[in-house]
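Have a look at the structure below before the remarks.
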Amino acid sequence: MNRELKNELNLVMTPARAAVLADHRSTVDVLVRVQAPPQPEKDRPARGPVHVALVVDRSGSMSGKPLAEAKRCARMVVDGLNPGDKAAIVIYDDSVERLTELLGMDERDTLRRAIDSIGSGGCTNLHGGWLAGAETLAPHTGTGILSRVILLSDGRANKGITDVGRITEQVAQLADAGVTTSTYGLGHHFNEELMTAMADAGRGNAYYGQSADDLADPFQEELALMGALCAREVELLVETAAGVSAKVLNGYRRGARGGWRLPDVAYEGEAWAVLQLIVETGTATAGEVRDLVKVRAAWRDLDGVEHETSRESLALPVMPAAAYAAVAEDPLVRRRVDELTVAGMQQTAREAARRHDWNAVNLALAQARQLAADNPWLQGVVGELEELARQRDEMMFAKEAMYSARRVSSRLAPVNECRDPGDMDAPDYLRRKRAQGKAEPRRRDPR
């Protein structure tokens with residue numbers, strides 16, 4: 001099935017200032033956006049099959065409302081899949097049980113009954129549960145199939161393999177084989193370092209809910225995202241000119257092609273990175289136009305076919321200090337750079353909270369609030385952390401700070417994003433939430 005014409009990506013580069021400072025070692029921040037096309041109104045290409053293994057923690061701490069809500073969300077995923085999709089149900093406590101094999105949607109009732117049968121049990125063999133889900137999917141991967149383990153836990157791995165490095169190594173190996181992983185944490189006690197590391201290694205998404213009532217939001221987002229993907233395994237490939245070096249401020253990892261690995265891209269959205277170019281002293285003379293960088297994006301479409309954008313070049317005039325200072329900053333680039341700076345401050349505040357140093361937490365948040373003064377969404381993000389800091393809720397503060405920093409620095413953004421967060425009508429995967437662990441109102445049906 002050829003989806004090429006529907007899924008072409010566009011690459012846009014915008015410097016913070018359209019100039020280079022002469023006679024100094026200087027930096028040039030460049031916003032690089034990899035943009036998807038609009039959602040097709042007609043002749044929308046059918047997405048490929050989605051294979052999902054729902055892996056549900058049924059340990060004793062999940063008893064009552066947490067398990068009931070987890071089961072409701074699992075049913076929501078099963079009900080939201082398309083006729084050509086498949087799902088399997090795996091549960092785990094100190095042992096692992098595969099309730100169903102990978103079943104098509106003609107057996108949806110069997111999947112629902114399996115979910116309804118789940119009861120609470122003992123400890124938390126998180127790795128064993130994840131592995132059973134991944135091994136259920138692995139024999140059925142193939143071109144055009146999105147295979148994803150959806151792992152839910154409210155606790156810390158305390159049975160089986162518990163080492164983060166060993167677990168994420170296996171998760172990455174399965175991702176290379178075509179089985180991706182998304183993770184869902186619940187409550188105060190899950191290990192956010194493990195859950196986010198698994199999602200990163202597994203090329204999936206990391207979500208959490210502060211309470212059982214907050215779980216539906218991330219599940220709805222995942223469903224919407226899986227249904228709207230148009231490009232996977234996206235990488236940013238960068239070639240700098242002589243005397244110029246580059247780093248990506250978002251903290252993205254390197255991918256298989258040697259570029260920086262961006263999030264998968266969905267219709268109406270853009271994956272983005274801030275590329276910081278360092279121009280060495282003596283390599284930029286006033287009056288010349290300085291070649292800086294060439295950038296292209298590579299990705300696979302939903303049929304597994306490789307694509308690349310054309311190579312885009314950036315060259316800027318070199319100016320003395322007075323003329324350089326008079327060049328206005330691009331407001332969108334400035335906003336994204338500020339967001340990345342605030343994400344770093346969130347991580348600083350998180351580390352301070354883990355040390356119980358609330359003075360350092362408050363200082364980092366005060367600096368973040370000052371930087372967010374002209375960004376209403378970012379103000380709301382900082383406000384949520386300030387409230388948790390007032391409560392001295394170290395565990396929940398640490399989780400919200402980690403997930404929020406991760407989302408701020410790697411989120412898909414709307415192609416035409418404005419300053420004010422009036423995007424409640426946007427697809428769930430493009431909404432800017434103030435708190436990652438809390439449900440927020442929406443104006444539209446998520447599907």
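Computed from the coordinates by the stated procedures, all read-outs in this text should not be read as laboratory data. These figures come from a predicted structure and were not determined experimentally. Because the Cβ atoms are built from the backbone with ideal geometry, glycine has one as well, and the counts that use them run over all protein chains shown.
Listing for the model above:
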quantity: Residue among Leu229, Leu363, Leu292 with the largest mean-square fluctuation in a Gaussian network model of the chain, springs linking Cα atoms under 10 Å; calculated: Leu363
quantity: Rounded Å value of the spacing that divides the Cα centres of the stretch 369-404 and the stretch 80-130; calculated: 35 Å
quantity: Entries in Lys159/Lys247; Lys159/Lys399; Lys247/Lys399; Lys294/Lys399 that, when Cα-Cα distance is taken, lie over 29 Å; calculated: Lys159/Lys247; Lys294/Lys399
quantity: Difference of contour (0.36 nm per residue) and Cα-Cα distance, Ala373 to Thr141; calculated: 78.8 nm
quantity: Top of Ala206, Ala22, Ala197 by mean-square fluctuation, Gaussian network on the chain, Cα under 10 Å; calculated: Ala22
quantity: The stretch 271-346: C-alpha gyration tensor shape, a/c 1.5 cut-off, then a/b vs b/c; calculated: oblate
quantity: In sequence order, calculated HN-Hα J values of the stretch 255-263 (Karplus, 6.51, -1.76, 1.60; Hz; x Gly/Pro); calculated: x, 5, 8, x, x, 8, 7, 9, x
quantity: Other-chain or far-sequence residues with amide H under 5 Å of Ala88's (modelled H); calculated: Val52, Ala53, Leu54, Leu103
quantity: Computed label-point distance, nm, for sites His188 and Asp176 using a 7 Å Cα→Cβ extension; calculated: 4.1 nm
quantity: Karplus-derived HN-Hα couplings along the stretch 326-343 (A = 6.51, B = -1.76, C = 1.60, θ = phi - 60°), whole Hz, x at Gly and Pro; calculated: 7, 7, 5, 7, 6, x, 5, 5, 4, 5, 5, 4, 4, 4, 5, 5, 5, 4
quantity: Considering only the chain, percent of DSSP beta bridges that pair antiparallel, nearest 5; calculated: 65 percent
quantity: Estimated inter-spin distance, Glu169 and Ser63, nm [label 7 Å along Cα→Cβ]; calculated: 3.7 nm
quantity: Sorted largest first, extent of the chain alpha carbons per principal axis (Å); calculated: 73, 56, 42
quantity: Spread of Cα-to-Cα distances over 10 Å intervals beginning at zero, given as percent, for the stretch 293-409; calculated: 12, 31, 20, 22, 14, 0
quantity: Full-extension gain in nm, Glu288 to Asp393, via 0.36 nm per residue minus C-alpha separation; calculated: 32.3 nm
quantity: Nitroxide proxy distance, nm - points 7 Å out along Cα→Cβ at Lys438 and Glu329; calculated: 2.9 nm
quantity: Cα point-scatterer Debye curve for the stretch 159-201, base-10 log of I(q)/I(0) at q = 0.28, 0.33 Å⁻¹; calculated: -1.02, -1.18
quantity: Rounded D (µm²/s) - the stretch 50-210, Kirkwood Rh over Cα pairs, Stokes-Einstein at 25 °C, 0.890 mPa s; calculated: 162 µm²/s
quantity: R0 of 60 Å, Cβ-Cβ distance Arg75-Val12: FRET efficiency to nearest 0.05; calculated: 0.90
quantity: Peptides 325-332, 91-98, 384-391 ordered by average Cβ neighbours within 10 Å, highest first; calculated: 91-98, 384-391, 325-332
quantity: Calculated FRET efficiency for the pair Ser95/Ala242, C-beta based, R₀ 51 Å, to 0.05; calculated: 0.30
quantity: Net length gained if the chain between Arg25 and Asn82 were fully extended (0.36 nm per residue, minus Cα distance); calculated: 15.0 nm
